[in-house]
Amino acid sequence: MENNDILIRLRYALDIKDTDMAEIFKFGGVEVTKEEVLKILTKPKDSYGEEDYYDDIVEDEDHIKCTNSMLESFLNGFITFKRGKQEPKPGQSDTPLPPKSKESINNQLLKKVKIALSLTSEDMLDIFDKAGITVTKGELSAMLRKEGHKNYKQCLDKYARNFLKGLALKYRG
């Protein structure tokens, strides 16, 4: 699943306005205009058809490809947007650090949406259940662990897609 798809689905599931999307990016440390947000939230013209076997999509004037660092910045900004700005601890810088994680973007999606929406593990299991997929507590715990932990499990696109689908069912209806 591409990062643009994740943003499109997350925006739909939580009914986030375009101006709020730009503000969330700003909270995460990425300056994006409302017009650029609209370009990020559109699917590329060649995303379907025989060009699917090309890994990178050529950017055109109607589409901006969302990189992993942009998505991670958006998710960090989403936490700030939902929970408020956290006061820096003594000795900590006031500006957000640029994302540098090598962890799977799907795992980050689960972790950061969980934090932003103040979800418990039970809430997340219910969201997966609404989407029609069964995830055990152990599997969820493994996906929420730090990469490198002995019980870490990479979150596959199937789980991320169904989590976003479950969010849409929970928050939209």
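Numerical summary
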| read-out | value |
| --- | --- |
| Condition check for THR67: at pLDDT 95 or above and either of a type outside the set (Phe, Trp, Tyr) or on the phi > 0 side of the Ramachandran plot (or both) | no |
| Search result, residues across region 82-130 that are at pLDDT 95 or above and assigned to a loop (DSSP other than H, G, I, E, B) | LEU117, SER118, LEU119, THR120 |
| Any pair with Cβ under 6 angstrom, 6 or more apart, that starts in region 81-93 at a residue that is closer than 14 Å to PHE27 by Cα and open to solvent by less than 90 Å² (accessible area, probe 1.4 Å) and ends at one that is at pLDDT 75 or above and assigned to a helix (DSSP H, G or I) | PHE81/ILE24; PHE81/PHE27 |
| Residue within region 128-143 that is free of Cβ contacts under 8 Å to residues at least 40 places away in the same chain, surrounded by fewer than 13 Cβ atoms within 10 Å (Cβ to Cβ) and closer than 21 Å to ASN76 by Cβ present | no |
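The values are calculated or read from the model by the stated rules, or taken from the named source; none is laboratory data. These figures come from a predicted structure and were not determined experimentally. In this analysis, Cβ positions are derived from the backbone assuming ideal geometry, glycine residues included, and neighbour counts consider all displayed protein chains. Calculation scope for accessible area: heavy atoms of the full protein, side chains included, ligands and nucleic acids excluded. Shrake-Rupley method; radii C 1.70, N 1.55, O 1.52, S 1.80 Å.
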